[in-house]
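See below for the structure under consideration.
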Amino acid sequence: MVESKKVSTSTLNIIINALKFHYGQILKKKFIYGVKRPKKDKKLPVVLSREEVKRILGVVSNIKHRAILMLAYSAGLRVGEVVKLKPEDIDVKRGLIHIKGSKGRKDRYTLLSKHVLKEYWKKYRPQKWLFEGAKEGKHLSTRAAEKIFQNACKKAGITKEVSFHSLRHSFATHLLESGTDLRYIQELLGHVHSKTTEIYTHVSTKDLGK
């Protein structure tokens, strides 16, 4: 796999886990091969500047599409979290979003910018899902949300190698640059370990400036 397919370190770790499970749980044998676990690549997240985020949101005329991107950025959500939101998860009065059963089966609360959904809510009146998909009764797919983001980036002339997840990275970095404590950012993002959140200190212009 390493030599012929040039697979990533995370894929290799999955393969090793699968082999160990197969030998230990199914064949009831010891996994005797000395396979060393590769170290993960320590890549820094690609972050959009505030001006770039404004440009991306500015080129999106579709109310629903703009609401999806604005919500993802202003709340630091993963693409899977955005598309699975339900209307009852939105607490406008308290300015909070309830994220249920996210990564690691954890629930958390994050910020809701009160004006983000105002126009969208008035026009669409969502029922089962906050963002309905093409099929009735189904939520928007993650692929469709990714496509919305990529189209907006292309239209806005963004040349950085970004994905939908870059909105989450940008949310965290911009909070850090505004002086928000890392512990609060960790809670909002739903990170178990503070080490995960600390990566944003490496891309924050505020910290680099020091």
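Just so it is clear, none of the values below were taken in a lab; they were calculated from the coordinates. Small disclaimer: the values here were computed from a predicted structure and weren't measured. Counting neighbours? That spans all protein chains shown, and the Cβs are built from the backbone with ideal geometry, glycine included.
Per-residue Karplus couplings for the stretch 13-18, computed as 6.51 cos²θ - 1.76 cosθ + 1.60 with θ equal to phi - 60°, are listed in order as 4, 5, 4, 4, 4, 5 Hz, Gly and Pro entered as x.
Could you list the square roots of 5 times each eigenvalue of the Cα gyration tensor of the chain, that is, the equivalent ellipsoid semi-axes, sorted largest first and rounded to whole Å?
Details: eigenvalues 227, 103, 68 Å².
Those come to 34, 23, 18 Å.
Would you look at the GNM of the chain, springs on alpha carbons closer than 10 Å, and say which of PHE31, PHE149, PHE131 moves the most? Judging by the Gaussian network model, the answer is PHE31.
Students often check this: by mean Cβ neighbours within 10 Å, which of 62-70, 122-130 ranks highest, and how do the rest follow?
The peptides rank, most packed first, as 62-70, 122-130.
Between the stretch 165-184 and the stretch 186-208, the C-alpha centres lie 7 angstrom from each other.
Do the sum for the chain: with -39,500 (n - 2.57) for every DSSP H run of n ≥ 4, divided by all residues, what is the mean residue ellipticity at 222 nm, to the nearest 500 deg cm²/dmol? Present the calculation step by step, with values, prior to reporting the outcome.
Working: 10 runs with 92 residues, N = 210.
My calculation for the chain gives -12500 deg cm²/dmol from helical runs alone.
For the chain, leaving out every one of the GluC sites (Glu not before Pro) that falls in a DSSP loop and has at most 12 other Cβ atoms within 10 Å, the longest unbroken run is 4-135.
Computed over the chain with a Gaussian network model linking Cα atoms closer than 10 Å, the most mobile of SER170, SER102, SER74 is SER102.
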